[in-house]
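Asks: Below is a structure I'd like to ask you about.
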Amino acid sequence: MRIAATADLHFTPQRFGALHDQLNRVRDEADVFVVAGDLPNFGQPEEMEPLLSVLVRLRVPVIVVLGNHDYECNKQDELIRMMTTGGIKVLDGSSYQRDDVGFAGTKGFVGGFGRGLLTAFGEPEVKTFVRAGIDEAVKLERAMSQLRTRKRVVVLHYSPIAATVDGEAREIYPFLGSSRLAEVVDRHGADLVLHGHAHNGKSDGSTTAGIPVHNVAITLLQAQNPPVIYRIFDV
Ligand SMILES: [Fe+2]
Ligand SMILES: [Fe+2]
C-alpha cells in the first residue's frame, strides 16, 4: 500500500490555491492519504470547508487525527462531524483497516521525553496536566489493540520521540510530544509511525525498539528540494 502523508496544513482559504493542485495529485500517487493534525489554522469550520471539499474529492480514503490547532476555537466536535460526514476517517483512540494495513490513531499530547517526561507529582494542576497525556497513551493503546492486520501504522499529531523534534528549540521539547506514546508503540509493535506538530523538527527517527518514526509536518516537506506537500510511504 502506498500511503501519502502530511501534517500541519494550517489551512486558511488564502492558502487554497497553493495547496489545491498538489493535493489533487494524491489520487494518482497513493492508495490512502494521512493528515496528522492541525488542518485548519484556528480550528474554525469556515477554514475547514474549502479544505474538506478537496479532501472528499480525492477518491482515496483520507485518515485524519486532530492537532492542537483543531481545538483552538473549541469547535473540534463540529470539525469531526464535518469530516466524518464527508467520509473521512477521524481517528481519536480508534482504528481503521484497509486491505491488510491497520491504522491506529490519536492526537497524543505534550509531556516531554525520556528522563524529561513530566510525572504526576505535587499540585493537582500538574496531575491534571499529566493525566491528559496518560489518557492519550491509553487511547493509543486501545486503538492499537483493535488492529488485526499484518501491517500496522500509527498516526499521531504529537511526537512520540525526541529525535524527530530535534531542530526545534530545546526549551520547547516538552511541548512537542511525549515518550509515553512511544512506550505504547513499542509494546504493541508497528511498521510505521507518522506525526506532525514539530514544524522545525527532523523527518526521520525511530523508537527504542527500532520502529521508524517520521515527522511529516508540511513545513519540513516544503523545505525539501523539490518542495512537496506530502510524502509517500510504502508498507
Ligand atoms: Fe502545526
Ligand atoms: Fe500542532
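Asks: Consider only pairs whose beta carbons are under 7 Å apart and that are at least six residues apart or on different chains; among these, list those whose first residue lies in segment 189-215 and is farther than 11 Å from Val153 by Cα and whose second residue is hydrophobic (A, V, I, L, M, F, W, C) and surrounded by fewer than 21 Cβ atoms within 10 Å (Cβ to Cβ).
Replies: Lys202/Ala163; Gly205/Ala163
Asks: What do you reckon, is Gln97 part of a strand (DSSP E or B) and either closer than 22 Å to Lys202 by Cα or open to solvent by 40 Å² or more (accessible area, probe 1.4 Å) (or both)? Before the answer, list the steps.
Replies: Details: part of a strand (DSSP E or B): yes; either closer than 22 Å to Lys202 by Cα or open to solvent by 40 Å² or more (accessible area, probe 1.4 Å) (or both): yes.
Yes: the conditions hold for Gln97.
Asks: With His214, His197, His157, His188 as the choices, which residue is on the phi > 0 side of the Ramachandran plot, of a type outside the set (Lys, Arg) and in contact with a strand residue (DSSP E or B) (Cβ under 8 Å, 6 or more places away or on another chain)?
Replies: Exactly one residue qualifies, and that residue is His197.
Asks: Looking at segment 194-201, is at least one residue away from ligand 2 (no atom under 16 Å from the Cβ) and open to solvent by 10 Å² or more (accessible area, probe 1.4 Å)? Even if it seems obvious, please write down each step before you answer.
Replies: Filtering segment 194-201 down to residues away from ligand 2 (no atom under 16 Å from the Cβ) leaves none.
No, there is no match, as no residue in segment 194-201 is away from ligand 2 (no atom under 16 Å from the Cβ) and open to solvent by 10 Å² or more (accessible area, probe 1.4 Å).
Asks: Here's a follow-up. Sort out which residues of segment 199-230 are part of a loop (DSSP other than H, G, I, E, B) and of a type in the set (D, E, K, R), and write them in order of number. Write out each step before concluding.
Replies: The initial filter retains those residues of segment 199-230 that are part of a loop (DSSP other than H, G, I, E, B), namely 199-203, 207-211, 216, 223-230.
Within segment 199-230, just Lys202 meets the criteria.
Asks: Mind checking which residues of segment 66-92 are within 16 Å of ligand 1 (Cβ to nearest atom) and buried (at least 21 other Cβ atoms within 10 Å of the Cβ)?
Replies: Result: Leu66, Gly67, His69, Asp70, Leu79.
Asks: So which residues in segment 133-172 are assigned to a helix (DSSP H, G or I) and over 30 Å from Val32 (Cα atoms), if there are any at all? Break it down into steps so the answer makes sense when it comes.
Replies: First, the residues of segment 133-172 that are assigned to a helix (DSSP H, G or I): 133-145, 170-172.
Selection gives Arg170, Glu171, Ile172.
Asks: Still on this structure, please answer the following. Are any residues in segment 153-193 small (Gly, Ala, Ser), surrounded by fewer than 24 Cβ atoms within 10 Å (Cβ to Cβ) and within 16 Å of ligand 1 (Cβ to nearest atom), and if so, which ones?
Replies: Listed by number, the residues that qualify are Gly167, Ala169.
Asks: Return the residue satisfying two criteria in turn: it lies in segment 52-65 and is open to solvent by less than 10 Å² (accessible area, probe 1.4 Å) and in contact with a Lys or Arg (Cβ under 9 Å, 6 or more places away or on another chain), and of such residues it is nearest to ligand 1 (Cβ to nearest atom).
Replies: Within segment 52-65, the match that is nearest to ligand 1 (Cβ to nearest atom) is Val65.
Asks: With Ala4, Ala18 as the choices, which residue is under 19 Å from Ala223 (Cα atoms) and surrounded by 22 or more Cβ atoms within 10 Å (Cβ to Cβ)?
Replies: Ala4
Asks: I've got another one for you. When only residues in segment 118-148 that are open to solvent by 20 Å² or more (accessible area, probe 1.4 Å) and in contact with a Gly (Cβ under 6 Å, 6 or more places away or on another chain) count, which is farthest from ligand 2 (Cβ to nearest atom)?
Replies: The selected residue is Arg142.
The values are calculated or read from the model by the stated rules, or taken from the named source; none is laboratory data. No experiment lies behind these values; they were computed from the predicted model shown. Note that we place each Cβ from the backbone using ideal geometry, even for glycine, and neighbour counts take in every protein chain shown. Just so you know, the surface numbers come from the protein's heavy atoms only, side chains and all, with ligands and any DNA or RNA stripped out. Shrake-Rupley method; radii C 1.70, N 1.55, O 1.52, S 1.80 Å.
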